[in-house]
Every structure is written in structure tokens, then in C-alpha cells.
């Protein structure tokens, strides 16, 4: 049996000398599972995603992603692992302002050959998200909703084994949101990708295999709320 997509044990994290943000005794997400994660602002959702993606370090405990111990990787190994195996839709998009839409979408394939896909596939993803007519435009010329779709297309390209989505539909209208979710689930099904989807929009939760409240397993937030 293959290792879970995500396995956390006794994970604790705080920013410098500040209060503890995360205290997670256990969290396991199976390969191919589609999980909806919710919680109030400040409960540690984005912090947790940053640790899983190898962006945040300095935690204690065990964090295994796709069978690899993130804490034992060097900075360059984490970057390569994330670029090769993960698709990440950042809450603030993290688009490169001096690149075009098409260049932003295809960036993972240029940096990490294992994620490489041809331009035709990048354009097909863009078409499904309604941004194919923007491929030659600078991302700085786009609306917030269009930028969010560019970030989504970049994460989907190359069939990553784990997709992490941080509020990926917050700036989309209903039609674009439904089109994006359809494409997201279709890509996950085709490649048996695992999906961890964070959102405040609880109306989406029933579309997923499992719903998780960070308040239920993050003891740091529960302790703080009880004080």
C-alpha cells in the first residue's frame, strides 16, 4: 500500500517568538482524496498549506507529503519537490508580473522538466477557464478574477500528484467558479491527484469527498479560543 498523500504527526509551529499557530496531533489524507478544509480567518489554514508545500520551515513534528519527509529536505530539494509533484494555487496568486499569461501558465514546466507540457495543452486549460484570449497579455493588465484563473491554470498544468488550493474561487463569479471546479475535479480524476481545497465558501463542501474543520484538529486555536 502506498503512503498517504499527507501525513502529519505532532506538528507545532509559531512565527518567531509569537503565539503558537498550529498544534496538530494528527492529520492524514489518502492518495486521490478530495478534501475541503475550512476555518475562520487566523486559524492557521494558509500556514498549514505553506508547511505542506515546503514554503514554511521551523516546525516541529513529522510532515510527510507523498511519502517524503519535508523536514529532511534542503531548500533546493523542497523547491524541486514542490515544482515537480505539487500544484499550488496561492491566495495572492504569486504571478510573475513581467511575464505574459501564457508564460506564467507554462512556468512550472520550464523550471521543472517533469511538469513540462506542450503549449497546446496550456492553451487548452486556458480555454476551459475562459482566458485563452488573454495568453499574450501581461498579467498586470488583467482583472483580479482573470489573474486568479491564470494562477489556477498554472497549478493544473502537468497533472501534479497533489493540488493545494488556497481560496481559489474567491474572486470568481458563479459561472467561472463552476467551470473551474469542473476542470479541477476532472484533472484530479484523470491523474488520481489528491486535492486539498481551502475556502470560506461552505456551499462548496458537499462537492468533496471529505470536509475538515481546522478548529477540530488544531489544538493551538482551540486553546486560544478557550482563554
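Screening the candidates 130, 145, 158 for the property of being in a loop (DSSP other than H, G, I, E, B) and more than 16 Å from residue 108 (Cα to Cα) yields one hit, 130.
One line per residue, one yes/no per condition, for (1) buried (at least 17 other Cβ atoms within 10 Å of the Cβ); (2) more than 24 Å from residue 208 (Cα to Cα); (3) at pLDDT below 90:
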site: 110; (1), (2), (3): no, yes, yes
site: 118; (1), (2), (3): no, yes, yes
site: 127; (1), (2), (3): no, yes, no
site: 138; (1), (2), (3): no, yes, no
site: 147; (1), (2), (3): yes, yes, no
site: 150; (1), (2), (3): yes, no, no
site: 158; (1), (2), (3): yes, no, yes
site: 166; (1), (2), (3): yes, no, no
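Among the conditions (1) over 30 Å from residue 146 (Cα atoms); (2) touching a residue at least 12 places away in the same chain (Cβ under 8 Å), the only one that residue 44 does not satisfy is (1).
Any idea how many residues of the stretch 188-211 are part of a helix (DSSP H, G or I), touching a residue at least 12 places away in the same chain (Cβ under 8 Å) and closer than 18 Å to residue 171 by Cα?
3
Against the list (1) over 13 Å from the mean Cα position of the chain (by Cα); (2) farther than 17 Å from residue 122 by Cβ; (3) not in a helix (DSSP H, G or I), the condition residue 185 fails is (3).
The values are calculated or read from the model by the stated rules, or taken from the named source; none is laboratory data. Everything quoted here is computed from the prediction, not taken from an experiment. Quick reminder, even Gly has a Cβ in these numbers, built from the backbone with ideal geometry, and neighbours come from all protein chains shown.
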